[in-house]
Amino acid sequence: MYKVSEIAPDVYRISVFVKEYNLQFNHFLIRDEEPLLYHAGMRLMFPEVLAAVRELLDPASIRWIGFSHFEMDECGALNEWLQIAPQAQAVCSDICGIINMADYAIRPARLLPAPERLQTGKYAYRLIATPHVPHGWDASVLFEETNKTLLCSDLFHQNGNCAAITDHDILGAHRQSMLEYEKGPLLEYTPYSPNTAKLLQTLAELQPKTLAVMHGSSFMGNCAQALLDLDGVMKELWGQPGYSTLKAGPQLVA
Ligand SMILES: [Fe+2]
Ligand SMILES: [Fe+2]
């Protein structure tokens, strides 16, 4: 069953908790003249998310579908949405357009290179390409400039059935969740590269008021500081010299 919460003005968080994964999948619908859905979600989840969208607006009026990177929870149901909303287009990074959308989407995507803005009525968005953060060559985040909401995908991922939004620390829960993943098949969530700190600093400079998080609680408070502190957590988890080689070593030898 889904849960709908307004986490910022006109930003509706549609959350589906999957018990087997102990994980929430959050989709964000931003109501405006041209509605935007961030995260198309999985195909299997489509009927549920569609029912939630229907509570808020006519799904056929969705104009834009944004997501960070090519993954089933980000954009698995993209084409289902494009079929139900005849004017809708994916909005994504240049890289995503070239390597994924050009063949995957049933309609051409709108690429949003810097410094272009996407104006949807009252709200304006800019896309920040963040290759390999949180993961994927095509990765990006979307920033709504009027209310300063950063749609930040898998950054700050927290396991469990969390509150819709909090002003308490989410980094501790994020770190703990990633430590749990390190023990299983979902290890190495984010590659830590020489660009990671710089990218997070760029996001902090946007001075977001709200972090709209795909898995777990969204955050309101000192978002810039949270993004800067996230670098420390990522570095500790994945930035140690030899980290990846050590993990992959035995498998390569076998
Ligand atoms: Fe992801
Ligand atoms: Fe995700």
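The values are calculated or read from the model by the stated rules, or taken from the named source; none is laboratory data. The structure presented is a predicted model; accordingly, all values stated were derived computationally and were not measured. So basically every Cβ, Gly included, is an ideal-geometry build from the backbone, and we count neighbours across all protein chains shown.
For the reader, a short list of remarks on this structure follows.
- Residue, farthest from ligand 1 (Cβ to nearest atom), within region 113-142, restricted to residues that are part of a loop (DSSP other than H, G, I, E, B) and under 22 Å from GLU80 (Cβ atoms): THR120
- Restricting region 214-231 to residues that are touching a Ser or Thr at 6+ places or on another chain (Cβ under 8 Å) and among the aliphatic types (A, V, I, L, M), the residue that is nearest to ligand 1 (Cβ to nearest atom) is MET214.
- Among strands (runs of 3 or more DSSP E) entirely within region 1-80, having at least 1 residues that are out of contact with any Ser or Thr (no Cβ under 9 Å at 6 or more places or on another chain), among the β-branched types (Val, Ile, Thr) and more than 16 Å from LEU142 (Cα to Cα) singles out 11-18.
- In a residue-by-residue description of region 163-174, the property of being within 16 Å of ligand 1 (Cβ to nearest atom) and polar (S, T, N, Q) applies to no position.
- The set of residues from region 26-64 being without any contact (Cβ under 8 Å) to a residue 40 or more places away in the chain, in contact with a Phe, Trp or Tyr (Cβ under 9 Å, 6 or more places away or on another chain), among the hydrophobic types (A, V, I, L, M, F, W, C) and within 15 Å of ligand 2 (Cβ to nearest atom) comprises MET42, MET45.
- Within region 31-45, considering residues that are buried (at least 18 other Cβ atoms within 10 Å of the Cβ) and closer than 18 Å to HIS215 by Cα, the one farthest from the chain's Cα centre (by Cα): MET45
Conditions tested, residue by residue: (1) surrounded by 15 or more Cβ atoms within 10 Å (Cβ to Cβ); (2) away from ligand 2 (no atom under 16 Å from the Cβ); (3) in contact (Cβ under 8 Å) with a residue 60 or more places away in the chain; (4) closer than 21 Å to ILE65 by Cα.
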position: PRO115; (1), (2), (3), (4): no, yes, no, yes
position: THR130; (1), (2), (3), (4): yes, no, yes, yes
position: ALA139; (1), (2), (3), (4): yes, no, yes, yes
position: LEU142; (1), (2), (3), (4): yes, no, yes, yes
position: LEU150; (1), (2), (3), (4): yes, no, yes, yes
position: ILE170; (1), (2), (3), (4): yes, no, no, no
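- Residue within region 201-216 that is at pLDDT 95 or above, away from ligand 2 (no atom under 15 Å from the Cβ), surrounded by 21 or more Cβ atoms within 10 Å (Cβ to Cβ) and in a loop (DSSP other than H, G, I, E, B) present: yes
- Taken together, VAL91, VAL4 contain a single residue that is without any contact (Cβ under 8 Å) to a residue 60 or more places away in the chain, within 16 Å of ALA212 (Cβ to Cβ), away from ligand 2 (no atom under 14 Å from the Cβ) and in contact with an Asp or Glu (Cβ under 7 Å, 6 or more places away or on another chain), which is VAL4.
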